[in-house]
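Contents: one structure, followed by commentary.
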Amino acid sequence: MSKIQMPEGFLWGGATAANQYEGGWNEGGRGPSIADVLTGGSVNTERRLTPAAPLEDEFYPNHEATDFYHHWKEDIKLFAEMGFKIYRFSISWSRIFPKGDETTPNEEGLQFYDKVIDELLSYNIEPLVTISHYENPLHLSLEYGGWKNRKLIDFYMNFAEVLFKRYKGKVKYWLTFNEINMLTVPFGGVFCAGILDEKENTEENRYQAMHHQLVASALAVKLAHEIDEDNKLGCMLAYHNGYPYTCHPEDILFAQQYGQIHNSIAGDVHVRGKYPAFAKRHFEEHNVNLQVKPEDAKILNEGRVDFVSISYYSSICVSTTKDGEKTAGNGTENIKNPYLKASEWGWQIDAVGLRYVLNQVYDRYELPIMIVENGLGAVDKVSEDGKIHDDYRIEYMKKHIEQMKEAIYDGVDLIAYTCWGCTDIVSASTGEVKKRYGLIYVNKHDDGSGDLSRMPKDSFYWYKKAIESNGEEL
Ligand code: BG6
């Protein structure tokens, strides 16, 4: 293993999303979001929607989640103790605009984030804000059908403008949409676009929603730069790393197309300001007739992002020539790789794949990169000594950070790493708390029990050392 130095000023930290962490779903004037009508799940089962409203006899894990809303001070103190330089979080849209289509924001909601941001800054932790992370206000789905409706661009822009103005000089790094490219799969139709009617969750509607979000993102980038020229805006891609299952040329081609569709359509528009050439054929062959306005090309071109961010958890194999045993991945299911082990949820662990992906992204875009999600979802058990010895999580992070260092040596301009779910939160895909990513344990369980007390795991102390030594001591 090489002894490569991490760059000075590298931004180490952690990441969460409001809908999975904050709780306080009906406090402080907050309105319901789509995350609030998703029931809890158990291993390998889909979450269920109760589209119109939460029901009495159902359990909705996001309602309280792990209660950052009431534990923000204590949690940020723990982040600071780990030595975080950056903390990625999202702002709950329906806390600021409870229905999403109002023109005046909810002052109480903003005051919550004022406190959070000021607290972070008091510890010199850089806030990295995701404007929209899987939680459109529910009203925008019920009334307008979600992001397939172009009207959502204006509502999003009201929200973004309020944030850019309020946090001018305090927040410099912004992500416009979490994992926009999840819109290539049905999961994204619900989580990204808020399309709650299953019949409407078609490929065509999802690409239409993606187009609207790409236009909104470009407008937000332009506006943020106008409000404060120091603002840095990034896109966020769930990086789908699909290896060819065999060396058959058909599989090689298929893997290339898999990457083009799932990563590069959205990524290219964000970074290059236009759709890549291959999108046209894909749209034609999949009966996707995008409704595009004449001004869109100019908007997309003028709203190119300053940096690229990715989530990376695992890799998968793809093939047209052979069937293989299937396994899960982030938002996808595909063929198992015989050379890799998997997490308890079947996500295949592939640290070397991170180096491969970082090189691929940097070759294509030549912009600074942040890894804004990476980590291991695992079941943690409190040991007899009352502690959590999560050596499996340490091993996962260590191996991925080693590969990050290799990628930096390869020439990749990597500027930040925020591990996912730095404290235990609710899983997006399954709704479980049992699928824990945290370096901090939260005493909360899938039946809603637990006193919400916090406790550092072994990984907490390990990461603290890794940060202190700027990645030398892993
Ligand atoms: C990413 C999302 O796709 O993966 C997060 O941005 C999510 O919101 C994370 O939590 C891990 O996925 P899961 O389903 O294990 O929570």
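Across the stretch 74-107, the residues whose backbone nitrogen lies under 17 Å from the label position 7 Å along the beta-carbon direction of E200 are 99-101.
The stretch between M157 and L253, if pulled fully straight at 0.36 nm per residue, gains 30.7 nm over its current Cα-Cα span.
Computed on the Cα atoms alone, the convex hull of the stretch 288-342 gives a volume of 155 cubic angstrom per residue. Taking a straight Cα-Cα cut-off under 12 Å and skipping sequence neighbours fewer than 8 places away in the same chain, the aspartates and glutamates within cross-link reach of K151 are D101, E143. Bridging of K274 to aspartates and glutamates at a Cα separation below 13 Å is possible for E295, D296, E302, once same-chain residues fewer than 8 apart are set aside.
In the chain, the sites counted are GluC sites (Glu not before Pro) in DSSP loop states with at most 15 other Cβ atoms within 10 Å, and the longest stretch holding none of them, exclusive of the sites, is 59-228. Using a ≥ b ≥ c from the Cα gyration tensor of the stretch 227-291 (square roots of the eigenvalues), is it rounded, prolate or oblate, where a/c under 1.5 gives rounded and otherwise the larger of a/b and b/c decides, a/b for prolate? Here the stretch 227-291 falls in the oblate category. When a 1.4 Å probe is rolled over the protein heavy atoms, the share of accessible surface on the stretch 227-320 that falls to carbon and sulfur comes to 50 percent.
Per residue, the accessible area of the chain comes to 39 Å² when a 1.4 Å probe rolls over the protein heavy atoms. Span-like helix criteria (full DSSP H runs; alpha carbon extent of at least 30 Å along the helix axis; mean Kyte-Doolittle hydropathy of at least -1.0) are satisfied in the chain by 203-227. To one decimal place, what orientation-averaged projected area in nm² is obtained for the convex hull of the Cα set of the stretch 201-337? The directionally averaged projection comes out at 9.3 nm².
In terms of its C-alpha gyration tensor, the chain has a rounded overall shape, because the principal axis ratio a/c (a ≥ b ≥ c, square roots of the eigenvalues) stays below 1.5. Computed over the stretch 329-474, the Cα gyration tensor eigenvalues convert (square root of 5λ each) into semi-axes of 28, 19, 14 Å, ordered from largest to smallest.
Placing pseudo-labels 7 Å out from each Cα toward the beta carbon at Y339 and V292 gives an inter-label distance of 3.8 nm. With a ≥ b ≥ c taken as the square roots of the eigenvalues of the C-alpha gyration tensor of the stretch 187-269, please select rounded if a/c is under 1.5 and otherwise prolate if a/b is larger than b/c or oblate if it is not? Since a/c reaches 1.5 but b/c is at least a/b, the shape of the stretch 187-269 is classed as oblate.
Every helix of 4 or more DSSP H residues in the chain counts as -39500 (n - 2.57), and over all residues that averages to -11500 deg cm²/dmol at 222 nm. Under the simplified labelling scheme, the E468-T50 pair shows an inter-label distance of 4.8 nm, with each label point 7 Å from Cα along Cα→Cβ. The chymotrypsin sites (Phe, Trp or Tyr not before Pro) of the stretch 24-118 that DSSP puts in a loop, and whose beta carbon has at most 15 other beta carbons within 10 Å, are F59. Within the same chain, aspartates and glutamates fewer than 8 places from K381 are excluded, and of the rest, those with a Cα less than 20 Å from its Cα are E344, D390, D391, E395, D424, E432, D446, D447, D451, D458. For the stretch 292-365 versus the stretch 400-441, the spacing of their alpha-carbon centroids is 15 Å.
What's the carbon and sulfur percent of the stretch 334-474's accessible surface, probe 1.4 angstrom, rounded to a whole number? If you can, show how the numbers build up before the last one.
Numbers: 2720 of 5480 Å².
Carbon and sulfur atoms account for 50 percent of the accessible area of the stretch 334-474.
Viscosity 0.890 mPa s, temperature 25 °C: Stokes-Einstein D of the stretch 1-128 from its Kirkwood Cα radius, in µm² per second? Translational diffusion coefficient: 150 µm²/s.
The values are calculated or read from the model by the stated rules, or taken from the named source; none is laboratory data. Please read these numbers as outputs of a predicted model, since none were measured by experiment. So basically every Cβ, Gly included, is an ideal-geometry build from the backbone, and we count neighbours across all protein chains shown. Each accessible area value is taken on the protein alone, full model and side chains, heavy atoms only, with ligands, DNA and RNA left out. Shrake-Rupley method; radii C 1.70, N 1.55, O 1.52, S 1.80 Å.
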